[in-house]
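These notes are about the structure you will find just below.
The values are calculated or read from the model by the stated rules, or taken from the named source; none is laboratory data. In this text, all values refer to a predicted model and were calculated from it rather than measured experimentally. Heads up, the Cβs are rebuilt from the backbone with ideal geometry, glycines too, and the neighbour counts pull from every protein chain shown.
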């Protein structure tokens, strides 16, 4: 399909994600968070629905997280937007030339992404950032449709072990190499799976993940994606 067809297909997928109510626990949680708002956002209306992927339909790079953050993407309606994990991710994407600005605070903030698509295998915010295996598998068809539609992909950067596991299952990686920051997994179709520690505060506040480490991953993604 051409670029316009990819965009139409991804737009239709986004509608399906937003309207999905297949997982009762996740629906209840995302909506509860939207009602019982964090004090800092008390005057804001939360998105509180499924969060579709975001970016360039012609992307050569796919960035895979875990799920929307309760007070980040679940509030703003855009992946990695409005929280500190997103601050780290979009600064790195900006430095690597994938984003036009280093921050992502809200839809309508002027952010555009070129050459990359940002998504997660689970589309609704889960309690304690821990979806169940049933919820993961129920949501996987959305992720599968993204992989099928993004025909120009060359590199898949997975942020954390959860995204890595799901991506390996979808891409048929057997045996699955042990996850680690900077690990590269060549795929049979010529793509490369590239691993990074997640940009969660658990990793960034402790120094387990540093900005130079993240920059190195996206520099390598740029190298692989433009070959």
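Structure above, values below:
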read-out: Residue within the stretch 163-176 that is outside any strand (DSSP E or B), surrounded by 18 or more Cβ atoms within 10 Å (Cβ to Cβ) and at positive phi present; value: no
read-out: Residues satisfying the stated conditions in the stretch 193-223, i.e. surrounded by fewer than 19 Cβ atoms within 10 Å (Cβ to Cβ) and outside any loop (DSSP other than H, G, I, E, B); value: 201, 202, 211, 212, 213, 215, 216, 219, 220, 222, 223
read-out: Within the stretch 177-192, considering residues that are surrounded by 17 or more Cβ atoms within 10 Å (Cβ to Cβ) and assigned to a strand (DSSP E or B), the one farthest from the chain's Cα centre (by Cα); value: 185
read-out: Residue 149, sole failed condition from (1) surrounded by 20 or more Cβ atoms within 10 Å (Cβ to Cβ); (2) within 15 Å of the chain's Cα centre (by Cα); (3) over 29 Å from residue 43 (Cβ atoms); value: (2)
read-out: Residue within the stretch 31-39 that is at pLDDT 95 or above and part of a strand (DSSP E or B) present; value: no
read-out: Boolean, residue 89 is crowded, with 21+ Cβ neighbours inside 10 Å and assigned to a helix (DSSP H, G or I); value: yes
read-out: Condition check for residue 7: surrounded by fewer than 17 Cβ atoms within 10 Å (Cβ to Cβ), over 13 Å from the mean Cα position of the chain (by Cα) and under 25 Å from residue 155 (Cα atoms); value: yes
read-out: The listed residue being over 30 Å from residue 191 (Cα atoms) and without any contact (Cβ under 8 Å) to a residue 60 or more places away in the chain, out of 12, 70, 22; value: 70
read-out: From 109, 103, 43, residue being touching a helix residue (DSSP H, G or I) at 6+ places or on another chain (Cβ under 8 Å), outside any strand (DSSP E or B) and more than 24 Å from residue 165 (Cα to Cα); value: 103
read-out: Pick from the stretch 69-84, criterion farther than 18 Å from residue 31 by Cβ and in contact with a helix residue (DSSP H, G or I) (Cβ under 7 Å, 6 or more places away or on another chain), ranking: surrounded by the fewest Cβ atoms within 10 Å (Cβ to Cβ); value: 84
read-out: Test for residue 125: is it touching a residue at least 24 places away in the same chain (Cβ under 8 Å), out of contact with any strand residue (DSSP E or B) (no Cβ under 7 Å at 6 or more places or on another chain) and not in a strand (DSSP E or B); value: yes
